[in-house]
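Structure first, commentary second.
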Amino acid sequence: MKLASLKAGRDGELVVVSGDLKKCLPAGAIAPTLQAALDAWDLFEPELKKLGRDLEIGGRDFGPAECAAPLPRAYQWADGSAYVNHVELVRKARGAEMPESFWTDPLMYQGGSDALLGPRDAIQVADAAWGIDFEAEVTVVTGDVPMGVGPEAALDHIRLIMLVNDVSLRNLIPGELAKGFGFFQSKPSSAFSPVAVTPDELGDHWRDGKLHLPLLSTLNGKAFGKPDAGIDMTFDFGRLIAHAARTRPLSAGTIIGSGTISNKLDDGPGRTIANGGVGYSCLAELRTIETIEHGEPKTPFMQYGDRIRIEMLDPDGASIFGAIEQTVERYEPPA
């Protein structure tokens, strides 16, 4: 089953979307919003699936431009860093040793979840000198998760899967981390895929708490990354959820992110697609490898007018979640 939220009010209008992303049917008679559906998932899921079967005989046209994020605002958005290869590379570039605990205990930060972006919403930034970067990731949406849940049991609480562009302002990060209190201004609003899908929709590609398909990133029309989300994922989503719920329960509608998808190559740093590799899921990783190899980065961060597209295709080439397509725009603060 595929679900989306059309732009309407603060929390969107819930619709069920056809598998080919061409048609949709309003689900308001069952649940007005995706959050309402998640709050009583066991009750509403069968009815939503039944509505989805009705799409075989009708429905209105579905377009990503009409979409808000599946959850336009969420009770919680916590992003992990499950691809430790990415963390190791970034730390190596700045000459920092990586603690051994990073391989056994997940990293996670709590992002802002009150203003999540739709798949076609612009990346608005007041100053390009802040170091604008995209981060292509996979996320899950949970039901209610009890405190202290184990990693295996945590997988049973996954309701939906989405893609996200976890936008970062790289040049603001060092100053914030130096304060010892984590990200805040350096993590603006994140953008999510047009649709969220149930795990059964993914078949065998969803297994062991991981999504085993390449995540495609295209920057200004040029292929930038295609790493496989199921490879080199040190912590699966069960581990990430259990980490988030270690000392507190998680409410239905909590979003947990994988962190930037990153694949190794021959036990070393990856390579660009042009050089026979799978590329990268953010500019920072490419700049890190350039720094390691050449002493300094050569690739600039995103500028006004730059376009990023993030998408995942099934083996037949069909889009699973729809594409995130964003353009960087200058933000003019109110007078």
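Does Leu3 fit the bill of being on the phi > 0 side of the Ramachandran plot, touching a residue at least 40 places away in the same chain (Cβ under 8 Å), buried (at least 17 other Cβ atoms within 10 Å of the Cβ) and outside any helix (DSSP H, G or I)?
No, not satisfied.
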Go through region 40-74 residue by residue and tally those that are aliphatic (A, V, I, L, M), touching a residue at least 24 places away in the same chain (Cβ under 8 Å) and more than 25 Å from Ile256 (Cβ to Cβ). 3
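Conditions tested, residue by residue: (1) more than 14 Å from the chain's Cα centre (by Cα); (2) under 17 Å from Ala78 (Cα atoms); (3) open to solvent by 10 Å² or more (accessible area, probe 1.4 Å); (4) aliphatic (A, V, I, L, M).
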{"site": "Val167", "(1), (2), (3), (4)": "no, yes, no, yes"}
{"site": "Leu172", "(1), (2), (3), (4)": "yes, no, yes, yes"}
{"site": "Glu176", "(1), (2), (3), (4)": "yes, no, yes, no"}
{"site": "Phe183", "(1), (2), (3), (4)": "yes, yes, yes, no"}
{"site": "Val197", "(1), (2), (3), (4)": "no, no, no, yes"}
{"site": "Arg207", "(1), (2), (3), (4)": "yes, no, yes, no"}
{"site": "His212", "(1), (2), (3), (4)": "yes, no, yes, no"}
{"site": "Thr218", "(1), (2), (3), (4)": "yes, no, yes, no"}
Give Gln110, Gln35 a once-over and let me know the one that is of a type in the set (S, T, N, Q) and surrounded by fewer than 18 Cβ atoms within 10 Å (Cβ to Cβ). Gln110
List the number of the failed condition for Gly203; all other conditions in (1) at pLDDT below 95; (2) surrounded by fewer than 19 Cβ atoms within 10 Å (Cβ to Cβ) hold. (1)
Considering only residues of region 122-152 that are open to solvent by 40 Å² or more (accessible area, probe 1.4 Å) and in contact (Cβ under 8 Å) with a residue 60 or more places away in the chain, which is farthest from Glu66 (Cα to Cα)? Gly148
Restricting attention to region 276-292, which residues are in a helix (DSSP H, G or I) and closer than 30 Å to Pro64 by Cα? Leu283, Ala284, Glu285, Leu286
For Ala36, are the conditions met, namely being part of a helix (DSSP H, G or I), touching a Leu at 6+ places or on another chain (Cβ under 9 Å), of a type in the set (A, V, I, L, M, F, W, C) and at pLDDT 95 or above? yes
Looking at this structure, is Phe235 over 15 Å from the mean Cα position of the chain (by Cα), without any contact (Cβ under 8 Å) to a residue 12 or more places away in the chain, over 24 Å from Val17 (Cβ atoms) and not in a helix (DSSP H, G or I)? no
Six or more apart or on different chains, Cβ atoms under 6 Å: show the pairs whose first residue is in region 283-309 and without any contact (Cβ under 8 Å) to a residue 40 or more places away in the chain and whose second is surrounded by 18 or more Cβ atoms within 10 Å (Cβ to Cβ) and charged (D, E, K, R). Pro297/Arg287; Thr299/Arg287
Tell me, please, whether a residue that is under 24 Å from Ile310 (Cα atoms) and modelled with pLDDT of 95 or more can be found in region 41-57. no
Would you pick out the residues in region 308-328 that are in a loop (DSSP other than H, G, I, E, B) and open to solvent by less than 30 Å² (accessible area, probe 1.4 Å)? Met312, Ile320, Phe321, Gly322, Ala323
Take the residues in region 220-232 that are over 16 Å from the mean Cα position of the chain (by Cα) and surrounded by 17 or more Cβ atoms within 10 Å (Cβ to Cβ), then tell me which one is nearest to Gly322 (Cα to Cα). Phe224
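Within region 293-307, which residues are open to solvent by less than 100 Å² (accessible area, probe 1.4 Å) and in a loop (DSSP other than H, G, I, E, B)?
Gly295, Pro297, Thr299, Pro300, Phe301, Gln303, Tyr304, Gly305, Asp306
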I need a count of the residues in region 160-182 that are out of contact with any helix residue (DSSP H, G or I) (no Cβ under 6 Å at 6 or more places or on another chain) and not in a helix (DSSP H, G or I). 13
Selection from region 6-32 of residues open to solvent by 70 Å² or more (accessible area, probe 1.4 Å) and part of a loop (DSSP other than H, G, I, E, B) yields Lys7, Gly9, Arg10, Asp20, Lys22, Ala29, Pro32
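Have a look at Leu160, Leu211, Leu177, Leu215 and point out the one that is in contact with a Ser or Thr (Cβ under 9 Å, 6 or more places away or on another chain), at pLDDT below 95, closer than 22 Å to Phe235 by Cβ and not aromatic (Phe, Trp, Tyr).
Of the residues listed, the single one that is in contact with a Ser or Thr (Cβ under 9 Å, 6 or more places away or on another chain), at pLDDT below 95, closer than 22 Å to Phe235 by Cβ and not aromatic (Phe, Trp, Tyr) is Leu177.
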Of the conditions (1) at pLDDT 95 or above; (2) outside any loop (DSSP other than H, G, I, E, B); (3) crowded, with 16+ Cβ neighbours inside 10 Å; (4) not β-branched (Val, Ile, Thr), Arg73 clears all except one; give me its number. (2)
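The values are calculated or read from the model by the stated rules, or taken from the named source; none is laboratory data. As the structure is a prediction and not an experimental result, all values here were calculated from the model. Don't worry about glycine lacking a Cβ; one is built from the backbone with ideal geometry, like all the others, and counts go over all protein chains shown. Accessible surface areas use protein heavy atoms only, side chains included; no ligands, DNA or RNA. Shrake-Rupley method; radii C 1.70, N 1.55, O 1.52, S 1.80 Å.
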